[in-house]
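Structure, as structure tokens:
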Amino acid sequence: METTTASTGPIDDEWVEKHFDHLSPELGRDLHATLARARSRCPVAHSDQHGGFWVVTRKDDVLRVAQDWKTFSSEDGITVPSRGPQMKILPVTVDPPLQREFRQLTNPYFRPAVVSEWEGPTRDLVNRLIDEFIEDGACDFMEAFARPLPGLAFFDLALHAPAEDLEEVNGYAVMGSQMHRPGAMDSLMKLAGWIGRFIEKRREEGPRGDVVDAVMSAQIEGRPITPEEVVGTVQLLVLGGLETTAGVLGMAMQRLCAHPEILRSLRERPELIPKAVEEFLRLDGSFVCIARTARQDAEVGGQLIKKGEQVLMYWVSANRDEDEFDNPDLFDLERTKNSHIAFGAGPHRCAGSNLARMNLRIALEEIVRRMHDIRLQPGAEIDFLSTFNRAPLSVPILFTPGKRVFEPAPA
């Protein structure tokens, strides 16, 4: 059945080939089927919407654009209309070699060996969050678990934020990462203000050997890093993993409700949980797309992209490319080849992928262990605010009530 948009007519072949609108709510509701049509008919297509841009949907072409930063720049690209002033977040909006300097500051603090030390506290946090709703037999999974988890873990374990600030600042970050919500820009400004105050306090304290120390004392292009760059870098670290990880968790829960056999398989064979994480990332990755601008004429997928033209590449389409994955729409716990790019590719590949994988794995382990007969609440519909991030607005679920692991905090 064809869907109608307010400005460009039905999502049909002509819409996909000539009028692709990355902001269309209908695209968000029928994302994967629309992208499959694009891969089949016009894997590199030019849209006349929003001043004109190219849409790239096959994996090989997406990698071509993502990895060739000399040709396709990150400094300018298609953006989401905002309700307030744009904020520069480093190093997403710069290219190598400057981008590489910022990444070299932070990458060592998210290596597998470092992240593995956070597993115990992360598991405690996961179980404390589950404790808050396990006795009720019902919750909105996004509100109760998926959105609080990544931020609370990051502020505590990576930034060593004061315990008394965790709930407040995570609230700013969660709201600020949902750019289509009223109040998002205000929350981003409050988050930036908190980061500035946090950095000043850390300068007064002794070094802790963490990523905050590394950013504060950095040399960029042979000069001391500026206060604005410190805030921007820390802000990216915070925002980069919040709504994206929350989105994967929410979509994973929706899939578990729709396919209870997956939950049964994982309960019977918990050793398959790491594979399940990779399938959730491939099929339900929430990092949908990103834009680049051509610095010079270039050919991609047989199409000439001219200097100055914008290119929108779809990670979620690449991850379902029929030329790359057998039965690409199937959740397959026995899949042997899963070279997805849910965390992006090229110099801007997500620095927090190890942390995200650990959060997802531990969350899934404890959900499988503690939650039974999980199902969507009657009448529940999964919807999205943004076509840039595949994070559900809510996932209301029912389940068999269980017991707490920790004693409740005293009133």
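Since every read-out is calculated from the coordinates, none of them should be taken as a lab result. Just so it is clear, the structure is predicted and the values come from calculations on it, not from any experiment. So basically every Cβ, Gly included, is an ideal-geometry build from the backbone, and we count neighbours across all protein chains shown.
Label point of Lys70 set 7 angstrom out along Cα-Cβ; within region 331-363, amide nitrogens under 20 Å from it belong to 345-349. The distance from the alpha carbon centre of region 227-263 to that of region 344-411 is 9 Å, rounded to a whole number. Compute the signed sum of charges (Lys and Arg +1, Asp and Glu -1) over the other residues within less than 10 Å, Cβ to Cβ, of Lys275. With Lys, Arg at +1 and Asp, Glu at -1, the net is -3.
Where Lys and Arg each count +1 and Asp and Glu each count -1, what net charge lies around Glu299 among other residues with Cβ under 11 Å from its Cβ? With Lys, Arg at +1 and Asp, Glu at -1, the net is 0. Our estimate of slack between Lys18 and Glu271, defined as 0.36 nm per intervening residue step minus the Cα-Cα distance, is 86.5 nm.
This model, with +1 at the C-beta of Lys and Arg and -1 at the C-beta of Asp and Glu, gives region 54-398 a dipole about its Cα centre of some 660 debye. Looking at region 108-212, the trypsin sites (Lys or Arg not before Pro) that sit in a DSSP loop and have at most 14 other Cβ atoms within 10 Å of their own Cβ are Arg208. When peptides 267-275, 246-254, 157-165 are sorted by average Cβ neighbour count within 10 Å, with the highest value leading, the order is 246-254, 157-165, 267-275.
Couplings for region 110-122, taken from phi via the Karplus curve 6.51 cos²θ - 1.76 cosθ + 1.60 with θ = phi - 60°, read 10, 5, x, 5, 6, 4, 4, 5, 8, 5, x, x, 5 Hz in order; Gly and Pro are left as x.
With θ taken as phi - 60° and the Karplus curve 6.51 cos²θ - 1.76 cosθ + 1.60 applied, the whole-hertz 3J(HN,Hα) list for region 222-233 is x, 10, x, 4, 7, x, 5, 5, 4, 4, x, 5 Hz, x standing for glycine and proline. As an equivalent ellipsoid, the chain spans semi-axes of 32, 29, 19 angstrom, where each value is the square root of five times an eigenvalue of the C-alpha gyration tensor, largest first. Both radii were evaluated on the Cα set of region 239-287; the Rg over Rh quotient, with Rh as the Kirkwood radius, amounts to 1.00. Couplings 3J(HN,Hα) for region 15-32, derived from phi with the Karplus relation 6.51 cos²θ - 1.76 cosθ + 1.60 (θ = phi - 60°), are 4, 5, 7, 10, 10, 3, 10, 5, 9, 5, x, 5, 4, x, 6, 10, 4, 5 Hz, where x marks Gly and Pro.
When the pairs Lys18/Lys307; Lys190/Lys275; Lys59/Lys275; Lys59/Lys307 are compared against a 28 Å limit on Cα-Cα distance, Lys190/Lys275 fall above it. Amide hydrogen proximity for Ile220: with H placed 1.01 Å from N in the peptide plane, the residues at 5 or more positions away or on another chain lying under 5 Å are Ile225. Here region 102-140 is scanned for amide nitrogen atoms under 18 Å from the site 7 Å beyond the Cα of Arg404 along Cα-to-Cβ, giving 124-139. Taking a sphere under 13 Å around the Cβ of Gly352 and counting the other residues whose Cβ falls inside, with K and R at +1 and D and E at -1, yields a net charge of +3. Per-residue extension of 0.36 nm, minus the Cα-Cα distance of Glu119 and Glu299, leaves a gain of 60.3 nm for this segment.
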